[in-house]
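Reading through the structure tokens given below for one structure.
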Amino acid sequence: MTQASIKGPGDRAMTSAEPTVCVLCRKGHVVREKRDVAFRQWSHKGYIHCRVTIPMDICDHCNASYSADPGIDKILDDAFQREYDKR
């Protein structure tokens, strides 16, 4: 049985202790933090106001904050549906 490993530059295995380079400025390193995000979305019932906590990557060089997590859309959709159902 073999284990798959994530390969980085130079085909060396990456570990979670290695810093991640910012995808926007390519100079800084990112730190993952959970952030509260408020948003509103229009529906036929009017604006639906939502609040969620999502993992965000924050760059220590350009201060950009973004989320590359593929599960973010589901978190936002679930929050909208939850608030929509309350109306």
Would you please classify the overall shape of region 19-86 from the alpha carbon gyration tensor, given that a ≥ b ≥ c denote the square roots of the eigenvalues, rounded means a/c under 1.5, and beyond that prolate means a/b larger than b/c while oblate covers the rest? prolate
Any aspartates and glutamates with Cα under 20 Å of the K45 Cα? List them, leaving off those in the same chain fewer than 8 positions away. D77, D78, E83, D85
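Each value in this text was obtained by applying a stated rule to the coordinates, not by laboratory testing. No experiment lies behind these values; they were computed from the predicted model shown.
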